[in-house]
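What follows is a single structure, written as structure tokens, with notes after it.
Every number in this text was worked out from the coordinates using simple rules, so none of it is lab data. All figures in this text were calculated on a predicted structure; none of them were measured in a lab. Positions of Cβ are backbone-derived with ideal geometry, glycine not excepted, and every protein chain shown enters the neighbour counts.
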Amino acid sequence: MPDDVPLQIVEEVTQRTPGFYGWQQPSWLYHCGDGAAFLGPAGYHDLQSHPDALEMVRGSYHQLGWSGHDTEAFLRQLDRANGPTAYLFQCLHCGAHLASWDID
Ligand SMILES: [Zn+2]
């Protein structure tokens, strides 16, 4: 998703494809029964500012059976400009930070 796509357009696209459809592309996130606001691409250091989002990524890999060591190694590779990239969202209702990510 190019950075210069207006959020309005992104919303139109993502509203046609709600849900989480896999690892290959960033997908829109939902919280408190509503679509979360997209804050932008994020790297590991950006996620560290939002521990709740970082925990979301970490928890997903633990569920996949990754070891703590492998998970941390992957998290440190997350980079805003060079993939794998995380995408930061924030719930408009409770303020929780959420993250989705892709693997390049
Ligand atoms: Zn919420």
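Quick notes on this structure:
- Shown here for the range 32-104: chymotrypsin sites (Phe, Trp or Tyr not before Pro) in loop regions (DSSP other than H, G, I, E, B) with at most 16 other Cβ atoms within 10 Å, namely TRP66.
- Three-way shape label, the range 44-96, alpha-carbon gyration tensor, a/c 1.5: oblate
- Spin-label zone in the range 30-45 - amide nitrogen under 13 Å from a point set 7 Å from the Cα of HIS93 along the C-beta vector: 30-37
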